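The structure under discussion appears below in the form of structure tokens.
What follows draws every value from the coordinates through simple rules; no lab data is involved. Predicted model only: the values in this text are computed from it and were never measured. Don't worry about glycine lacking a Cβ; one is built from the backbone with ideal geometry, like all the others, and counts go over all protein chains shown.
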Amino acid sequence: MDFSYSERTRQHQARLTAFMEAHVYPAEARFWAEVAEGDRWQPTRVMEELKAKAHADGLWNLFLPESDLGAGLTNAEYAPLCEIMGRSPIAPEVFNCSAPDTGNMEVLVRYGTPEHKERWLKPLLAGEIRSAFAMTEPDVASSDATNIQSSIVRDGDHYVVNGRKWWTSGIGDPRCRIIIFMGKSDPRNPDRYRQQSMILVPTDAPGVTVKRMLPLFGYDDAPHGHGEVVFENVRVPASNILLGEGRGFEIAQGRLGPGRIHHCMRLIGLAERALEAMCRRVKSRTAFGQPIAEFTTTLERIAEARIKIEQARLLTLKAAYMMDTVGNKAARMEIAMIKVAAPNMACEVIDWAIQAHGAGGISDDFGLGYAYAWARALRLADGPDEVHRNQIGRLELRRHD
């Protein structure tokens, strides 16, 4: 297994890094200031300016493996670019590479009809609209997705959609035009994994109501946001069903595999930036007559952070390589492992960086509080640690039958 980066990846890394240093990092403070002024749920001027620059520079839609609609990169080639984008909370959207749009675009590329692609995929690829993904429900333990109670019922040439979803990311953006909704279309099917379907629901369809936006540890992620959404007798054309009834889990697995690679590599970038901030901080502060950097505890934490980051990166690159070479199903153990390893690593490294900053670490001045909140949330998103650990354990046991 060769972990050296391809020439295409190295070229994109150099261009992305230069763009981040020239445009993204300097724009972070302006972005947060624009969000704080006026209506928080309107797109910011600075983000639109950055997106136009990225598009003009050809740093756009870098994801989408196995498609000529993106940059034509494999998962292994795209993963290191995700790490660079993950260093800034605003960067993924700048390059039209942010969740849930990336996953939704991959779904439309793989499973959408020509009509779906024309109406929804093209404007998403152009960055003209945003999208949302509605899967998690407040009334059931959604870590077991077979618990989903929302319904998708055929009625002539339409489906009627009912349910209550929450943590529907992206729904707060006024440009959000389409929701991929997962619900039960055949609750009596003896195969629990054939009861669910996915369907496209326009956000302006009658019966779609955003009840509230949900803060993540106090951060509302405006103007993107995560909402609780009620679907009451929402009628959509039967042609909006994706791939056919009972194929919801099949689509979910196709969607979540690449998404987990993206999340994990972004977390590695986030942890790298936190470690850099930690090193700068401890070298510039003195306590009890000596630089904080010289304390054994500090040195041990820096060393452990470097070890854990490298381990997580190599494991994630292995998972990406396997997805490219043997497919998502064969790589499911590696995908599950990175989904446990990377968020836990990031939480620990960021926590050490917070501690090194003292009281400043828990303020908003250094961005570490938000970084920790996001890393902690990703121990739940796309499946909680416990589900992935159970899967890893079962797969390991099979090796010893």
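A compact table of results
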read-out	value
Segment 45-112: proportion of alpha-carbon pairs further apart than 13 angstrom, %	64
Selection from Asn96, Val153, Trp167 lying farthest towards where the dipole of the chain points positive, charges on Cβ	Val153
Tyr193-Leu395 FRET efficiency (beta carbon distance; Förster radius 22 Å; 0.05 resolution)	0.80
Charged-residue dipole, Cβ positions (Lys, Arg, Asp, Glu), segment 130-242 about Cα centre, Debye nearest 20	140
Ascending count of other beta-carbon atoms within 10 Å, so fewest first, for Met322, Met85	Met322, Met85
Approximate spin-label separation Glu118-Val326, in nm, with each point projected 7 Å along Cα-to-Cβ	4.2
For segment 278-284, 3J(HN,Hα) per residue [Karplus equation, 6.51 cos²θ - 1.76 cosθ + 1.60, θ = phi - 60°, Hz, x = Gly/Pro]	4, 5, 4, 5, 6, 7, 9
Rough spin-label spacing in nm, given labels placed 7 Å along Cα→Cβ, for Ile307 and Asp139	4.9
Inter-probe distance in nm under a simple model that places probes 7 Å from Cα toward Cβ, at Asp220 and Lys283	3.9
Gyration tensor (Cα) of the chain, equivalent ellipsoid semi-axes in angstrom	35, 24, 21
Cα gyration tensor shape of segment 85-165, rounded if a/c is under 1.5, else prolate or oblate by comparing a/b with b/c	oblate
For segment 130-242, Kirkwood radius (reciprocal of mean inverse C-alpha pair distance, Å)	14.2
Derived scalar couplings ³J(HN,Hα) [segment 70-77; Karplus, 6.51 cos²θ - 1.76 cosθ + 1.60; whole Hz; x for Gly, Pro]	x, 8, x, 8, 6, 4, 5, 6
